[in-house]
1. Using the count of nearby Cβ atoms within 10 Å as a rough guide to exposure, how do T172, T160, T121 rank from fewest to most?
2. Taking 0.36 nm per residue of separation and subtracting the Cα-Cα distance, what length does fully extending T121 through A186 add?
3. Arrange L102, L203 by Cβ neighbour counts within 10 Å, fewest through most, would you?
4. For L227, L90, which order do you get if you count the other beta carbons within 10 Å of each Cβ and list the fewest first?
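Read the figures in this text as sums done on the coordinates, not as results from a lab. Quick caveat: nothing in here was measured; it's all calculated off a predicted structure. Methodologically, a virtual Cβ is constructed for each residue, glycine included, from the backbone with ideal geometry; neighbour enumeration extends over all protein chains shown.
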Amino acid sequence: MSERRYDDDEVREIFERASELAADTRAGDSELGGQTGMSLAELQSIGAEAGIDPDLVARAATSLDQTRLDADAPVRLLGVPVSASHVVDLPGRLDDEDWDQLVVRLRDHFQARGTVLHEGTLRSWSNGNLQVLMEPTRTGYRLRMRTLSESIRGRLLGGTMMLFFLVVLLSTVGLIGDLTIAKLAALVGIMGGTGVTFAGTALLDSRRWTALREQQFREIGAHAQELAAARLAAGDDPGRLPSGD
C-alpha cells in the first residue's frame, strides 16, 4: 500500500487544526492552574533527549539572566552616566504587608508618592523614570531598581550641541561677509559660555546624582532583604517559586 499523500489544501487544514489543538491544550493547562514556562531541570531533560549537554543548557540560561541584568547597565551619554540601577536577590517573596512597608520607605527616600501596581506575583512602584520592581527569577525573587535623569541628559546634550554649532560657525566664518569681529566675539562668548556651563554642570551633577541614587538603592535593597529574611525566620514565607519537581 502506497504512503498517504496530502495536497496543499489538506496540509493547510492539518496545521490549522494542530494549532487549534495546541491552543486548547494551553488554555486547559491555564484553567487547571498549571504554571507557565519551564524549569531549568525540564529544559535540561529536553536538551538531553536532543543530545545537548545539560551543562550547556545551564550555561545558556545563566547567560540569558546576565543579558537581562546587563540591560540595567548605566546609560551613558558622551561617556557621562545619566542613569543609575541596582539589583538585589531576595531570600523570599515579599507579601502585601512587606511590600507596603517597602513602598513607605520608597516614598520617604525619594519624597514622591509614586504609582503602585500589582500583577500576580509582580510588584512595582514608579515615579516618572524612577522604577522599583519585584520580579521572579529562576531561583527565587529579586528587586530591580533603576532611574534616568532627563535633566542631566538634556543639559549635557544641549551644551554639547551648542559647542558643536559654535565650531561649525567658526569653521565657516570666512564665508560670512557681514560678520564683524565684535559680533563674532559676542557669539563665541554667548554660545561657548552657555555650552560649557550646560555641559559642565551636567557632568558635576551626574557624579553627585548617581552616587546619591546608588546609595538610596542600596539602602532600599538592604531593607527589602531584611523584610524577606524576617518573614522566613518567622516561618511565614509568602512563597518561593516552585522548583518544578
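1. Least crowded to most crowded, the residues run T172, T121, T160.
2. Stretched fully, the T121-A186 segment lengthens by 17.4 nm.
3. In order of increasing Cβ crowding within 10 Å: L203, L102.
4. Ascending number of Cβ neighbours within 10 Å: L227, L90.
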